Each structure stands twice: as C-alpha cells, then as structure tokens.
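To keep things clear, I will list the structure first and then write my remarks on it.
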Amino acid sequence: MINNLDISKAMTIKLHDALPEYPILKEGVRRAPKRELTLNEREIKLALKNALRYVPENLHEKLAPEFLEELMTRGRIYGYRFMPKERIYGKPIDEYKGNCIEGKAFQVMIDNNLNHEVALYPYELVTYGETGQVCQNWMQYQLIKAYLEQLTDEQTLAIMSGHPLGLYKSHITSPRTILTNGLMIGMFDNPHDWAKATAMGCSSYGQMTAGGWMYIGPQGIVHGTFNTLINAGRKELGIPDDKDLAGHLFITSGLGGMSGAQPKAVEIANGVGIIAEVDYSRIETRLNQGWVSLVTDDLEKAFNTASEYMDKKQTISIAYHGNIVDLLEYAVENNIHVDLLSDQTSCHVPYDGGYCPKGLTFDERTELLKTDRNKLIELVDKSLAEHFYAIKTLVDRGTYFFDYGNAFMKAVFDAGVKEIAKNKVDTSEGFIFPSYVEDIMGPMLFDYGYGPFRWVCLSGKHEDLIKTDHAAMSTIDPTRRGQDRDNYIWIRDAEKNKLVVGTQARILYQDAFGRRDIALKFNEMIRNKEIGPVMLGRDHHDTGGTDSPFRETSNIYDGSNVTADMAIHCFAGNAARGMSLVALHNGGGVGIGKSINGGFGMVLDGSERVDEILSKSIPWDTMVGVSRRNWARNEHSIKTSIEYNNKCEGQDHITIPYIASDDLIEKTLKNYK
Ligand SMILES: NC(=O)c1ccc[n+]([C@@H]2O[C@H](COP(=O)([O-])OP(=O)(O)OC[C@H]3O[C@@H](n4cnc5c(N)ncnc54)[C@H](O)[C@@H]3O)[C@@H](O)[C@H]2O)c1
C-alpha cells in the first residue's frame, strides 16, 4: 500500500511541510467575484482531494476546511495561505535563484504578471481579461517557482493548466518550458464543462498572455488601438501613408481596462477624440495617468473644444462624463460630422453591468442591477436600439463605424434590432457594419505579418529599455510602407509617451523579418555587454498564433476559419526550433471553445546558440500565419508570400494559391444545372 511518507520521500521538489502563516489580504485590492460553482457533492469532494494533492499529509486536516470554505464562497480553491507574504513584482533577473537563465527569466515574467500594479485580481492570480490566470492557485505558483529554480539547460518543465507535471531531460536547444492552458476534448469544449473542470482544479483559463506569463500591462493594447485608428483613417478617410489623424474626429465610449487605451492612442495618432464614460472613477484613473486631457459633462463644450483642436490640427482627448447614446444623439441633432466612430462598452456582458443604459447614472445602473434585473434588461435593450439608430444616421451621413471586438453588434441584435444583421434574420451572414479585425487589423496588418512583438529587459534597468528602443528604431525603414512609418513613430515616441507599467517592457508591431532583425540586434548588444538579457514574446492577438473565427481569423474566407491547425502548427514549430517557452491556450480573447491560441517566450543571452534559434524560429512564428492567410487567398498575404519565396529561394518555400475566376465558377455551376 502506497503511503504519503513514501510519496514525500520520492520527491525532492515539493511544498514545505510547515504550515505557512495565513497572509494579510489587504483592503482596497481588487478581488475576483465569486465564480459560478456547479459542482455536485461527488465533484466537490474531488475538488478538495485534488487541491490537497499539493500539500503534505500533516497539513491536510488544517487545510481541508479552509479549502472547502474557499470553494463554497469563491467558487474556486486559490490556496491563499500559500501566497507569498512579500510584495510580488518582476525583480531584476539576478535576484532570482536558478540553474539556467531561462529558469530565472520565467520567474521575472510570472511575478510581473502578478504585480498588483499590473494584475486585475492579484490575490486570485488573475492578470487581466476578467478570468485570465497565471496558474490556478498559490500551491501551483510555489511549486512552479521551485521547479524553475531547479531547471537546468538540459531539461524541460511541462505545465498543464498551471500544474507543473514535472521536469524531464531534453536538449540544450529544446524549450525550457512547454505549457498549455484550458485545452478540452471536443465534446467537452464548452464553458459549462470547462467551468466544472476548473472548479475541480483540473483546468485553467490563461486568456492570451496571462497563462503564458507574457502580459506587459496596458501598453500592448495602446499600440494595437493606435494601429487600428490610424489604419481606419487611411482606409476610410483617404489619409496618405505619411500623414496622421490631424484634424479628424474619433468618437467612442469606455475608459475601462482595455477601452482606456483609446484616448492615449488617439493622441499618439495626433487626432481629436471624445470618449464617453459613465463611471467617473474610470475617468479619474485616465486623467491621473495623463491619458485624457480634458473632462467635461457639457456636450457643447466637448464638441466646441474638439472643433477648435481640429482646426488647429492639434491633438486632444476629451472625456465626456455621460452616456455614449446622449453624445451620439447630440451629434445627430446638431449635424456634427464624425469621421471615425466605435464603441468599447463591455457589450460581451451587457446585462451584467457591462452596458449602462441611457437615462441611468452609473450608480443608478449598479443599484438596479441588484434590485430589478428585468427592468435593467429592458432599459439596456431600449438603449442599445437607440444607440444603433444614432450610429446608423451618422453612418448614412458619412461616418465610418467599426465594431471593436466588444460584441456590440451581437448585443444590438440580441436586443431585438434585427436590421443590424446582414440578412435581417440571424447572425449567420454577419452584420451590416465592419469589425476591426475583418476590415482593418486583418487585411492591413496581420496579412502582411505585422503583429504585437514585445520584449522585457530582464535587468530591470530603464536605460536598457531606452537602448533597445533606439536599436529597434534603427532597424525600421519608415518609407517602406505606411505601417512601417507608424511603427517607427511609435517606437521613436515610446519613451515620451510613458507607457511602462511593471517591468521594463516594450511592444512594437513588426513583420516577420522586422522581428527577426530586432531580435538578432538585441542578442548582439547583449553579447557586447551593452545591455543585460532580454525576454522576447508577443501577444497571441497576432498573424499566426491564433485561430479565432470571431477575431484574429475573422478575415479568413475560404471556409477554414473554423479550424485550429494554424495555431497548433505555430506552437509545435516554435517548440521544434527551440524557443525557450511555448504556450498553447483555449479561448484567449473570446472564451473557451471559441479560439485556440499560442504564444512564445524567448530568452536572449547573447550566445550564438540563441542567434541560431532566432533566425529560424522568429520568421516561422509569423510566416506560418502569412502562409495560411495567403492560402485563404488574402491578397496582401499572397503578395507577402511571393516576396518571401523570392527572398528565401533555396531555403524556405510557401505554397501559393492559383485564383479561379468567379465567372468561371458561376458558369460551371450553371452548366451543371
Ligand atoms: N478590441 C480589442 O482588442 C479588445 C481587447 C480587449 C477587450 N475588448 C472588449 O472591449 C470591451 C471593453 O473592455 P474593457 O476591458 O475596457 O471593459 P471595462 O468594463 O473595463 O470598460 C468599459 C467601460 O464602458 C463604460 N460604459 C458602459 N456603458 C456605457 C455607456 N452606455 N456610455 C458610456 N460608458 C459606458 C463602463 O463604465 C466601463 O468603464 C469588452 O467587451 C472587451 O471584451 C476588446
């Protein structure tokens, strides 16, 4: 009969058998709401047994009731007792213990993702996106760290949904960590079954970058929003490649977690923005950050100031404290021309507080949510309909409206406004307005390979970040394409724009060779001792890493948008080429079952070994996406693939599709009938 003593003796990497003191959970730290708990008694018992697997037997009696209490009151077992007592933040790499540089680098990244300044619900290990976790509980956190301290450069740590399965021998050129999050068997790949699995401690939702430890704070979304806005201007307002949004008005709503990036992005793009927000505390945060320049609840003042700055061709971001519907109706009534229009209220959960209906203040909305949910639903539906008709009028008058990935159009449809659907019946053929990936990000960025490349200076030194900014800038030719010009400006002004929260990190959209050139340059600088080590990575919201038919791959039209082959190939190919960390997740950005997404982390130590890996893996990571988009007949990807084949003759080779004419297809079908 196996006993716990033998088990304990068989492990050298494990949690201590002394009971940690219960930590003080500070007031004022944002806490995750209670998660839905759907477990039956048998499953609750399993959840308890599963959590106790991490803990030596002498602590079971004390911890079993504590874990049960957490499960019943919070919907999950987080194991708060195992949370470190000291402040968690990404320290300089030399302050971590480890047997290889990657083991220490990953600890910097994990701690940065749990830093209170960075993380949404740090006590519940949630970095961002409401539920995106670094790992499931604090026992896993402690154990992962213990493993990373032992990891050598001839081993690979396997992590399944936050659980460190073990350390195994591999090669010096193998990934040091392979991790997956939330992957489910097809028939159970839905939020309901996943919620049970996670409550039992068997699965974790890593969002895009939280579970791969590559989140770097809000600057990632600022760059994406800047790119979206400026390219929307190019596409719809005829702005030339060498110009910006000067003199143009962008109206939107939301100054929350992600939406708060909008005013900063519009200022970097040199445009004029008015952003409606009902919650004053959200406005205050952005005001204190310097991301909005003026606050008013007077619409006349908002539009007059906007017009003054448009005339001067100067930038300003104005926060309108009030409802977006009032703002748009004012623009309609006063015949004010709006160039670009969007919305970033939390319409993925409109009835749970995500959308504040017209006529209610923020506090009244919060109260009604508690007292009369049905009334709130009724008001939300009415407001969404009015919101839609105001947008429609403005669009009829020449405004360009785009959905910003917040499910706004779906919410309007669900509110009963069928005319937002293309076929006016259901959503199977999409909506009458474009979405940002379909219209802008997909064709103008992802199809060329431009995506959210990022890096972290592991020394923690700000001077290293400045040196990397300059080095990255020197690799960009701003005259090649409009996108290159935007990226050049972004990195040139990055320091001035004060975007860093947490570790010394930077995001920079780049294409395949742009990313490779920057990576090699950084590695050379490390070799020459100009800077300390660097960790490279990217968001999964990118060209190749993510199959997500409602977002990243929404501009794939050959029928393959329901497949996930690309994300898996991207992940496996990165592992095969020796990236330091490879991650594969379920549901990043849109929820379980709706996407498969993968990312990587690559530690640069200045060695020639790393040069070798970079020159093969970095182009692959992006070109797998360009190749697939090219096969789906996306024009810009075909163009990029032709250039790639010419450039890489004798080395890489992409299969390019022949294009059959639509007339021929029509004729063939007609003749068959
Ligand atoms: N496009 C992207 O890349 C992207 C990325 C992340 C999130 N999103 C989506 O964008 C949405 C917003 O994300 P977030 O993190 O900012 O959410 P959030 O809830 O933090 O912010 C939304 C804000 O909208 C405000 N609001 C709600 N109704 C309003 C109204 N009628 N008028 C004015 N203000 C109103 C809320 O007070 C809140 O501050 C979500 O649906 C999210 O899924 C998009």
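Within the range 532-541, restricting attention to residues that are buried (at least 24 other Cβ atoms within 10 Å of the Cβ) and part of a loop (DSSP other than H, G, I, E, B), the residue that is farthest from the ligand (Cβ to nearest atom) is Pro533.
Among the residues here, Gly573 does not qualify as surrounded by 22 or more Cβ atoms within 10 Å (Cβ to Cβ) and not in a loop (DSSP other than H, G, I, E, B).
Inspect all residues belonging to the range 94-111 and state whether any of them is polar (S, T, N, Q) and open to solvent by less than 10 Å² (accessible area, probe 1.4 Å). So far as the range 94-111 goes, yes, one or more of its residues are polar (S, T, N, Q) and open to solvent by less than 10 Å² (accessible area, probe 1.4 Å).
Contact map, the range 194-216: first residue closer than 17 Å to Glu70 by Cβ, second residue crowded, with 24+ Cβ neighbours inside 10 Å and aromatic (Phe, Trp, Tyr), Cβ cut-off under 7 Å, separation 6 or more or different chains; pairs are Thr198/Tyr205.
Scanning the range 436-463 for residues that are farther than 28 Å from Asn555 by Cβ and surrounded by fewer than 23 Cβ atoms within 10 Å (Cβ to Cβ) yields Ser459, Gly460, Lys461, His462, Glu463. For Gly206, the criteria (1) open to solvent by 10 Å² or more (accessible area, probe 1.4 Å); (2) outside any helix (DSSP H, G or I) hold in every case but one, which is (1).
Can you work out which of the residues in the range 403-420 that are in contact with an Asp or Glu (Cβ under 7 Å, 6 or more places away or on another chain) and at pLDDT below 95 is farthest from Leu379 (Cα to Cα)? Among them, the one singled out is Tyr404.
Identify, by number, the condition in (1) closer than 30 Å to Gln344 by Cα; (2) among the hydroxyl-bearing types (Ser, Thr, Tyr); (3) touching a strand residue (DSSP E or B) at 6+ places or on another chain (Cβ under 8 Å); (4) open to solvent by 10 Å² or more (accessible area, probe 1.4 Å) that Tyr147 doesn't meet. Single failed check for Tyr147: (1). Which one is nearest to Phe303 (Cα to Cα) among residues in the range 325-353 that are more than 11 Å from the ligand (Cβ to nearest atom) and part of a loop (DSSP other than H, G, I, E, B)? Residue satisfying both the conditions and the ranking: Ile336. Sub-8 Å Cβ pairs linking a first residue in the range 503-515 that is touching a residue at least 12 places away in the same chain (Cβ under 8 Å) and aromatic (Phe, Trp, Tyr) to a second residue that is open to solvent by less than 10 Å² (accessible area, probe 1.4 Å) and not in a helix (DSSP H, G or I), at least 6 apart or interchain, are Tyr509/Leu445; Tyr509/Tyr450; Tyr509/Gly451; Tyr509/Pro452; Tyr509/Phe453, ordered by first then second residue. Being farther than 20 Å from Ser346 by Cα, in contact (Cβ under 8 Å) with a residue 40 or more places away in the chain and either open to solvent by 10 Å² or more (accessible area, probe 1.4 Å) or among the hydrophobic types (A, V, I, L, M, F, W, C) (or both): is that true of Ile275 here? No. One residue stands out among those in the range 196-231 that are closer than 28 Å to Asp484 by Cβ and among the small types (Gly, Ala, Ser): the one that is farthest from the ligand (Cβ to nearest atom), which is Gly212. Per the listing Lys34, Lys49, the residue uniquely part of a helix (DSSP H, G or I) and either under 30 Å from Gly129 (Cα atoms) or modelled with pLDDT of 95 or more (or both) is Lys49. Can you name every residue in the range 370-389 that is within 30 Å of Ala265 (Cβ to Cβ) and either under 30 Å from the mean Cα position of the chain (by Cα) or buried (at least 22 other Cβ atoms within 10 Å of the Cβ) (or both)? Answer for the range 370-389, where residues must be within 30 Å of Ala265 (Cβ to Cβ) and either under 30 Å from the mean Cα position of the chain (by Cα) or buried (at least 22 other Cβ atoms within 10 Å of the Cβ) (or both): Val380, Ser383, Leu384, Ala385, His387, Phe388.
Can you name every one of the strands (runs of 3 or more DSSP E) wholly within the range 87-193 that holds 1 or more residues which are within 27 Å of Ala564 (Cβ to Cβ) and modelled with pLDDT under 95? Reasoning before the result, please.
Details: elements: 126-128, 155-160, 163-169, 177-181.
The strands (runs of 3 or more DSSP E) meeting that bar are 126-128.
Can you pull out every residue in the range 233-254 that is more than 6 Å from the ligand (Cβ to nearest atom) and either part of a loop (DSSP other than H, G, I, E, B) or aromatic (Phe, Trp, Tyr) (or both)?
Of the range 233-254, the ones more than 6 Å from the ligand (Cβ to nearest atom) are 233-252.
Matches in the range 233-254: Gly238, Ile239, Pro240, Asp241, Asp242, Lys243, Asp244, Leu245, Ala246, Gly247, His248, Phe250.
Checking every residue in the range 568-584 against the condition of being aromatic (Phe, Trp, Tyr), closer than 28 Å to Gln155 by Cβ and touching a strand residue (DSSP E or B) at 6+ places or on another chain (Cβ under 7 Å) gives at least one match.
Out of the residues in the range 656-672 meeting the condition of being of a type outside the set (D, E, K, R) and surrounded by 10 or more Cβ atoms within 10 Å (Cβ to Cβ), tell me which one is nearest to Val626 (Cα to Cα). Ranking the qualifying residues of the range 656-672, first place goes to Ile656.
Flag set for Ala319, criterion: closer than 25 Å to Glu130 by Cβ, modelled with pLDDT of 95 or more and crowded, with 24+ Cβ neighbours inside 10 Å. Answer with yes or no whether Thr399 is more than 16 Å from the ligand (Cβ to nearest atom), surrounded by fewer than 22 Cβ atoms within 10 Å (Cβ to Cβ), farther than 27 Å from Asn528 by Cβ and at pLDDT below 95. In short, no. For Ile556, the criteria (1) outside any loop (DSSP other than H, G, I, E, B); (2) open to solvent by less than 10 Å² (accessible area, probe 1.4 Å); (3) out of contact with any Cys (no Cβ under 9 Å at 6 or more places or on another chain); (4) aliphatic (A, V, I, L, M) hold in every case but one, which is (1).
Looking at Leu68, Leu19, Leu5, can you tell me which residue is surrounded by fewer than 18 Cβ atoms within 10 Å (Cβ to Cβ), modelled with pLDDT of 95 or more, in a loop (DSSP other than H, G, I, E, B) and not polar (S, T, N, Q)? Let's see the steps before the verdict.
Numbers: Leu68 fails: in a loop (DSSP other than H, G, I, E, B); Leu5 fails: in a loop (DSSP other than H, G, I, E, B).
Matching residue, one of Leu68, Leu19, Leu5: Leu19.
Please go through the range 255-264 and give me each residue that is touching a Leu at 6+ places or on another chain (Cβ under 8 Å) and within 6 Å of the ligand (Cβ to nearest atom), ordered by number. Residue satisfying the conditions is Gly257 alone. When we screen Val624, Val610 for residues that are buried (at least 22 other Cβ atoms within 10 Å of the Cβ), touching a Cys at 6+ places or on another chain (Cβ under 6 Å) and in a helix (DSSP H, G or I), the only hit is Val624.
Being crowded, with 24+ Cβ neighbours inside 10 Å and out of contact with any strand residue (DSSP E or B) (no Cβ under 7 Å at 6 or more places or on another chain) is the filter; apply it to the range 249-264 and report the residue that is modelled with the highest pLDDT. Talk me through it step by step, then tell me what you get.
From the range 249-264, those crowded, with 24+ Cβ neighbours inside 10 Å are 250-255, 259-264; that's our starting set.
From what is left, the residues that are out of contact with any strand residue (DSSP E or B) (no Cβ under 7 Å at 6 or more places or on another chain) are 259-261, 264.
Details: Ser259: 88, Gly260: 89, Ala261: 91, Lys264: 94.
Residue satisfying both the conditions and the ranking: Lys264.
For Cys356, indicate whether it is open to solvent by less than 10 Å² (accessible area, probe 1.4 Å), in contact (Cβ under 8 Å) with a residue 60 or more places away in the chain, in contact with a Lys or Arg (Cβ under 8 Å, 6 or more places away or on another chain) and within 15 Å of the ligand (Cβ to nearest atom).
Numbers: open to solvent by less than 10 Å² (accessible area, probe 1.4 Å): no; in contact (Cβ under 8 Å) with a residue 60 or more places away in the chain: yes; in contact with a Lys or Arg (Cβ under 8 Å, 6 or more places away or on another chain): yes; within 15 Å of the ligand (Cβ to nearest atom): yes.
When the stated conditions are applied, Cys356 does not pass them.
When the range 269-291 is filtered for residues that are touching a helix residue (DSSP H, G or I) at 6+ places or on another chain (Cβ under 7 Å) and within 16 Å of the ligand (Cβ to nearest atom), the ones remaining, listed by number, are Ala269, Gly273, Ile274, Ile275, Ala276, Glu277, Val278, Asp279, Arg286, Trp291.
The values are calculated or read from the model by the stated rules, or taken from the named source; none is laboratory data. In this text the structure is predicted, and so the values were computed from the model without any measurement. Quick reminder, even Gly has a Cβ in these numbers, built from the backbone with ideal geometry, and neighbours come from all protein chains shown. Protein only, heavy atoms only, side chains kept; ligands, DNA and RNA dropped before computing areas. Shrake-Rupley method; radii C 1.70, N 1.55, O 1.52, S 1.80 Å.
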